[in-house]
1. Residue separation times 0.36 nm, minus the C-alpha to C-alpha distance between Ser103 and His19: what's the value?
2. Once you put a point 7 Å from the Cα of Ala370 and another 7 Å from the Cα of Leu205, both along the Cβ direction, what distance in nm separates them?
3. Using Stokes-Einstein with the Kirkwood hydrodynamic radius over Cα pairs, what translational diffusion coefficient do you get for the range 78-180 at 37 °C and a viscosity of 0.692 mPa s, in µm²/s rounded to a whole number?
4. Beyond a 32 Å Cα-Cα separation, which of these cross-linked pairs lie in this structure: Lys92/Lys146; Lys214/Lys391; Lys146/Lys293?
5. Once you list every other residue whose beta carbon is under 15 Å from the beta carbon of Glu321, what net charge do they have if Lys and Arg are +1 and Asp and Glu are -1?
6. Under the rule a/c < 1.5 gives rounded, and otherwise a/b versus b/c splits prolate from oblate, where does the range 224-377 land using the Cα gyration tensor?
7. Under the rule a/c < 1.5 gives rounded, and otherwise a/b versus b/c splits prolate from oblate, where does the range 1-63 land using the Cα gyration tensor?
8. Can you list residues from other chains, or at least 5 along the same chain, whose modelled amide H is less than 5 Å from the amide H of Tyr390?
Amino acid sequence: SSDLPRFDTAALRAQDAAHHLHPFTDTQSLNASGTRIIVRGAGVRIWDSDGHEIIDGMSGLWCVNLGYGRQDLVDAATRQMQTLPFYNAFFKTTTVPAIELASLLTEIAPPGFQHVFFTNSGSEGNDTIIRLVRRYWDLMGQPRRKTIISRRNAYHGSTLGGASLGGMSGMHAQGDLPIPGIVHIDQPYQLQHGHAGESAEHFGLRAASWLEAKIRELGPENVAAFIGEPVQGAGGVIIPPASYWPEIQRICDHYGILLVSDEVICGFGRLGHWFGCQHPHIGTRPDLITFAKGVTSGYLPLGGVLVGERIAKVLIERGGEFQHGFTYSGHPTCCAVAVANVQAMRREGVIERVAQDLAPYLATAFGTLADHPLVGDVQSLGMVAGLVLYKDKASRTLFDAELGVGYRCRDHCFQNGVVMRAVEERMIIAPPLVMTHEDIDEMVRRIRRSLDDTW
Ligand code: PLP
C-alpha cells in the first residue's frame, strides 16, 4: 500500500530473531523463516512490512473487536494521559475512569453482578479467581472446599495459576503444573470423545456427567468451583452441544459449587451478547466472570473479574482487606479506553448487529466451505467459527498430526491475505465484530483459495 513507510523487512527480521523471545514461538523457527512484521491496521485489515494486505480473521488475538484505527479510542487514551496518565486504586485512592468503568460493567453484566476487580490481563483475572474462590470458602467456614475443576484443552492463561487452570498438556509438562488443588475433566468435543451414532444432545449430557463423576470422586465437600470457557477458544473453538452447559449449571447448583465463566474471549459481543453465558446455547448463571481482551478492543491491556453478589457480600462483610492486587489494577488510561469502547459498542448497536445479522451471515458464508474436499464439521456460534481438516471426509479420517497440514493451511491463508489459526485438526476464526457482508465474503473466498492450495 502506497501510504505505508518503507521497511527493511530482512533487517528487522534479523534483529527480531536475535533479541526477541516471542510468546508461544520456537525461536529457531524465526531464524529459519522469519516472522511476519505487522505495521498497520485499519478496520478489519492489517498490513505487513512488505505492504501485503491481510483480512484479520482472528481480531488480533481474539481482542480487536471494534477493528483497527478507531479515533474515539485513541482520543479517550490521549485525553486521560494528558489529564492523569496513572494513579493507583490501592489504599483507599482511585481515579474517575476506574469508577466509571466499574459502574458501567455492572450495568451490562448479567443480573446479580454489582462488583468488579480489575487486572491487566485474562491470566491475572484467572489468578484472581483462584484467590477469590479460596478466600470465599475460607470465609464461609468451609476451608476444605479448595479444589477447582477445569477441563483438558482449556486455555485460561499463562501465569502459574492460569496455566494450571488451563488444560494444555504441553504447558503443564514444561512447568510441573498444575499447582495443587486443580484437576481436569475431558472437554465436550464430540469428534474426540463421542460414541458412534451418538446424538449431540446425548453427548452433551454425557460430557457434563464427567463433572458430576469428578465431584463424587473428590467428595463434594472438597470442591470449590468449576471453571470453563462458554466456547473453548484457543483449544480450537470447541462449541459444546446445547445440552452441555444447562446440565453443568444443574450439577454446580446441586452440589453448591461455584460456577466460573471465563469470558476472556466470549465476552463483549463475541457471541452476540455482552457475555457468552447469556447466549441461549450456553445459558448459565455464573458466580464469577473473567474478562479481558474485548473490553478495550485490545487497544490497551485490561482484564478483571466480575464478582457475583453471593461472593462479593461475603468478601466485603466478613473478609476485611483482600490482600491481592496489581499496580495497574484499574489503570485510568486503560479504563478510559474501556469506557469509550463499551460506550461505542452501545451507541453503534454492535451486540444487536452481531446477534441479528453478522453471526447468521458468517454461519452461512463460512458454512459454504463444507463442500470442500478437505473440510468437515463446519460450526460457528456468534463470531467464532471452526472447521475440521480431513484426509478422507467419507471415512472421517484425520491427517497424521506430524504432517502439520493445519499449519500449512494457515501459512497459505496468510499468503492469500487472511489470518486464520490452526489448532491440530481444526482451523478457526474469530473476526472483528464490525465486518461488512463483503468483508465476510472476501474472507471466505480467501480461505477457500487457501484450502485449495493446501489440498
Ligand atoms: N482465558 C481465555 C479464555 C483466553 O482465551 C485467554 C487468552 O487467550 C486468557 C484467559 C488469558 O488472557 P491473557 O492472555 O490476557 O492473559
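Each reported figure results from applying straightforward, stated rules to the coordinates on display, with no laboratory input. Given the structure is predicted, the values throughout are model-derived calculations rather than measurements. Glycine also receives a Cβ, built like all others from the backbone with ideal geometry; neighbour counts cover every protein chain displayed.
1. 26.0 nm
2. Inter-label distance under the simple model: 2.5 nm.
3. 203 µm²/s
4. Over 32 Å apart, Cα to Cα: Lys214/Lys391.
5. Overall, the nearby charge balance is +2.
6. oblate
7. oblate
8. Val375, Gly376
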